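Engineer: Could you have a look at this structure, given as structure tokens, before my questions?
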Amino acid sequence: MYTLRKNLSNIPGWRTNRKIVVIESDDWGSVRTRSKKDYDEMLAKGLEVNRSNFTKYDALESNDDLEQLFDVLSKHKDSTGRHPVLTPMCVVANPDFEKIKASGFQVYHYENFVDTCNCYPNHNRVLDLWRKGIKDRLFVPALHGREHLSVSRWMKLLQENNEGLRIAFDHESWGVSRYKGKEISEYLGAFHPDHASDIPDLVKIIESAGELFKENCGYAPTHFIAPNRESAKALDETFGKIGVKYLTMAKLRHYPLGDDKYKSEFLWLGKQNKELNQLYITRNCGFEPSSSTIDWVNSCINEIVIAFKWRKPAVISSHRVNYIGSINPNNAKQGLNELNRLLSEIIKNWPEVEFMTSTELGEIIALTKK
Ligand SMILES: [Zn+2]
């Protein structure tokens with residue numbers, strides 16, 4: 001049943017005889033769990049950070065995390081003689097925890113993620129490494145948002161004195177969804193409005209995200225994926241204004257209008273939104289070795305077989321959490337070993353493979369539409 005569904009979902013959309021592999025990796029630039037010490041303390045206080053691999057292992061990427069990732073990518077070459085490339089979906093800011101606290105949780109403040117890096121122990125070269133990744137075409141950032149949370153929902157929960165969230169706040173961490181057996185309501189979907197009247201604030205957040213992204217990366221973002229929950233369709237235009245031409249989305253886009261109203265539309269690889277000329281990219285493979293002990297190399301290779309059978313590029317989802325070692329060094333070690341093995345297997349199975357960024361894939365599709 002699963003294989004049948006996988007095959008069917010690969011049928012619609014743009015086709016090619018080329019063997020193209022895109023690796024999209026969400027969450028770079030964002031804080032999650034600050035450190036092993038914070039993890040242990042939060043757990044002891046009743047925050048169920050042990051329930052998800054994200055709160056267990058994911059943290060702001062360190063110098064070492066990036067260098068080790070680049071080492072693995074640099075070991076391999078594709079049919080064009082170039083190294084495999086990752087498209088990290090990046091946020092460019094984090095909350096300024098001190099200023100928010102000083103305001104009595106009344107006013108939200110954020111800081112460039114570079115300033116967050118300066119408060120972490122092994123992170124002083126993270127921006128330089130991002131830029132090196134861009135220059136060497138190993139790690140070419142796209143946009144995942146300004147900060148990885150809904151400012152309005154998170155601030156509201158803090159103002160309501162949500163105990164679990166306040167504890168996480170004191171540890172400058174987030175992502176935890178349960179406290180002492182009780183669910184904490186969702187707050188990570190940054191562009192998912194509660195009310196239609198939230199849209200103007202989200203527009204401003206996107207505009208400032210575009211500016212910060214450009215300052216950090218040296219170019220405007222051309223590709224976007226929303227964090228955690230679907231973004232409002234009304235925001236596509238603003239993304240277009242800051243430079244976004246390509247959007248990664250689910251095949252069934254169930255987008256919020258605000259006030260608990262939703263609409264749906266089917267998307268496929270290469271579908272164009274006529275009004276704004278943006279192209280949609282859909283993912284068809286997963287590689288998340290940090291999440292469970294299944295053989296992720298094998299399952300991802302099987303998904304790539306299906307994608308190529310239908311003459312589709314393989315667009316792999318592989319979150320940052322798989323490559324982070326500051327909380328548990330074994331997590332990064334295992335993730336990088338598996339990535340190394342995946343890249344070897346891909347190149348062995350398909351010597352003609354071409355690794356690309358999401359934007360490069362978008363550009364190729366856009367050319368065939370002209
Ligand atoms: Zn994310």
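Engineer: Show which lysines lie in cross-link reach of LYS369 when reach means a straight Cα distance below 17 angstrom and same-chain residues fewer than eight apart are skipped.
Structural biologist: Correct list for LYS369: LYS245, LYS271, LYS274, LYS312.
Engineer: Let me ask another. Along Cα→Cβ, 7 Å out, is where each label goes; now give me the distance between the ones at GLU265 and SER208 in nm to one decimal.
Structural biologist: 2.9
Engineer: Obtain the nm distance between the two label points defined at ASN340 and GLU186 by a simple spin-label model: each point lies 7 Å from its Cα along the Cα-to-C-beta direction.
Structural biologist: 3.8
Engineer: Then there's this: Quick one: Debye curve from the C-alpha atoms of region 132-189, no solvent, what's log10 I(q)/I(0) at q = 0.28, 0.29, 0.30 Å⁻¹?
Structural biologist: Listed by q, the Debye log ratios stand at -1.20, -1.26, -1.32.
Engineer: Can you figure out the FRET efficiency of ASN118 with TYR219, using R₀ = 30 Å and their beta-carbon distance, to the nearest 0.05?
Structural biologist: Values: r = 23 Å, r/R0 = 0.78.
So the FRET efficiency works out to roughly 0.80.
Engineer: Taking only protein heavy atoms into account and a 1.4 Å probe, give the accessible area per residue of the chain in Å². Could you put the intermediate results ahead of the total?
Structural biologist: Details: 15740 Å² over 370 residues.
The answer is 43 Å² per residue.
Engineer: While we're here: Roughly speaking, what is the stretch gain from ARG131 to GLU67, that is 0.36 nm per residue apart minus the C-alpha to C-alpha distance, in nm to one decimal? Please list the in-between numbers first.
Structural biologist: Numbers: separation 64, 0.36 × 64 = 23.04 nm, distance 1.23 nm.
Working it through step by step, the gained length comes to 21.8 nm.
Engineer: In whole angstrom, note down how far apart the Cα centers of region 312-370 and region 103-124 are.
Structural biologist: Value for the Cα centre distance between the two parts: 30 Å.
Engineer: Enumerate the calculated ³J(HN,Hα) couplings along region 40-48 in order (Karplus 6.51 cos²θ - 1.76 cosθ + 1.60, θ = phi - 60°), each rounded to whole Hz, writing x wherever the residue is Gly or Pro.
Structural biologist: 4, 5, 5, 4, 5, 8, x, 7, 8
Engineer: Which whole-number percent is the relative contact order of the chain (Cα, under 8 Å, 6+ apart)? Write out the running numbers ahead of the final one.
Structural biologist: Values: 737 pairs, mean separation 98.3, N = 370.
The normalised contact order for the chain reaches 27 percent.
Engineer: When the dipole is taken about the Cα centre of the chain, and only Lys, Arg (+1) and Asp, Glu (-1) are charged at their Cβ, what size is it in debye, to the nearest 20? Write down the numbers at each step before the final one.
Structural biologist: Working: 51 positive and 49 negative charges, 281 e Å.
In total the dipole reaches around 1340 debye.
Engineer: Packing-wise, with mean Cβ within 10 Å as the measure, how do 359-367, 260-268, 159-167 rank, highest first?
Structural biologist: Peptide ranking by packing, descending: 359-367, 159-167, 260-268.
Engineer: At ARG178 and LYS241, where each label point lies 7 Å from the Cα along Cα→Cβ, what is the point-to-point distance in nanometres?
Structural biologist: 4.2
Engineer: Going highest first, how would you order 215-224, 278-287, 27-36 by mean Cβ packing within 10 Å? If you can, show how the numbers build up before the last one.
Structural biologist: Details: 215-224: 18.9, 278-287: 21.9, 27-36: 24.2.
In descending order of packing, they fall as 27-36, 278-287, 215-224.
Engineer: Continuing with the same structure: So what is the orientation-averaged projected area of the chain, using the convex hull of its C-alpha atoms, in nm²? Please report the intermediate quantities before stating the final value.
Structural biologist: Details: hull surface 70.6 nm².
Spelled out: convex hull of the Cα atoms, projected over all directions, averaged, 17.7 nm².
Engineer: Relative contact order for region 208-366: what percent, with Cα pairs under 8 Å and sequence separation of 6 or more?
Structural biologist: Numbers: 202 pairs, mean separation 27.0, N = 159.
The value is 17 percent.
Engineer: Whole angstrom only: what separates the Cα centroid of region 235-308 from the Cα centroid of region 176-207?
Structural biologist: Computed from Cα coordinates, the inter-centre distance equals 20 Å.
Engineer: Separate question: Which of the peptides 336-346, 122-132 is most tightly packed, and how do the rest follow, judged by the mean count of other Cβ atoms within 10 Å per residue? Let's see the in-between values first.
Structural biologist: Details: 336-346: 19.2, 122-132: 17.6.
In descending order of packing, they fall as 336-346, 122-132.
Engineer: Give me the percent of accessible area attributable to carbon and sulfur for the chain, probe 1.4 angstrom. Provide the component values of the computation, followed by the final result.
Structural biologist: On the way: 8120 of 15740 Å².
Taking all protein chains in place, the chain shows 52 percent carbon and sulfur surface.
The values are calculated or read from the model by the stated rules, or taken from the named source; none is laboratory data. Not measured: the values here are computed from a predicted model. Cβ coordinates were reconstructed from backbone atoms using ideal geometry, including for glycine residues, and neighbour counts include every protein chain displayed. When the accessible area is computed, the model is the full protein with side chains, heavy atoms only, and any ligands, DNA or RNA have been set aside. Shrake-Rupley method; radii C 1.70, N 1.55, O 1.52, S 1.80 Å.
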